[in-house]
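Colleague: Take this structure, written in structure tokens, and hold onto it; I'll ask about it next.
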Amino acid sequence: MKTKIIAVTLGVTALIIAGAAYLFHMENYDQFFYCKVMETDSYKETGPDSDLPYEYTLTGYSEKGEAKKLTFKTAKKLEPGECLKLEVRTAGVYHYDEIPADQLPSIVRQKYEDEK
């Protein structure tokens, strides 16, 4: 009888842990935002001893056109006109890639054309 109780307890515990892991993964589901570095965008230098000496706060847009302020650090200074695809997780910007302007979603391109 004790063996069955222990087995059931372990099974229920495993299900709870698996459920929590699944929910945590869903919470950290990646989102992608796109932005274009503008001449008016500023950055701050975090210090010469840092591996990522530049910190930017830019407005990124989702594929649906939703705007979000995003802060991230880079190893190099970004040039005005550069387009970025930002991978965003719960904790913030996880990774970014420089992309050609024609890879920006059309709704995001429209946002930047409207700002001109």
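Colleague: Would you pick out the residues in the range 55-112 that are in contact with a Ser or Thr (Cβ under 6 Å, 6 or more places away or on another chain) and either of a type in the set (Ser, Thr, Tyr) or modelled with pLDDT of 95 or more (or both)?
Modeller: Answer for the range 55-112, where residues must be in contact with a Ser or Thr (Cβ under 6 Å, 6 or more places away or on another chain) and either of a type in the set (Ser, Thr, Tyr) or modelled with pLDDT of 95 or more (or both): Thr57, Thr71.
Colleague: Being out of contact with any strand residue (DSSP E or B) (no Cβ under 6 Å at 6 or more places or on another chain) and more than 19 Å from Asp97 (Cα to Cα) is the filter here; which residues of the range 46-64 pass it? Break it down stepwise before answering.
Modeller: Narrowing the range 46-64 to residues out of contact with any strand residue (DSSP E or B) (no Cβ under 6 Å at 6 or more places or on another chain): 47-51, 63-64.
Result: Gly47, Pro48, Asp49, Ser50, Lys64.
The values are calculated or read from the model by the stated rules, or taken from the named source; none is laboratory data. Since the model is a prediction, treat every value here as computed from it, not as a measurement. Using ideal geometry, Cβ is built from the backbone for each residue, glycine included, and neighbour counts are taken over all protein chains shown.
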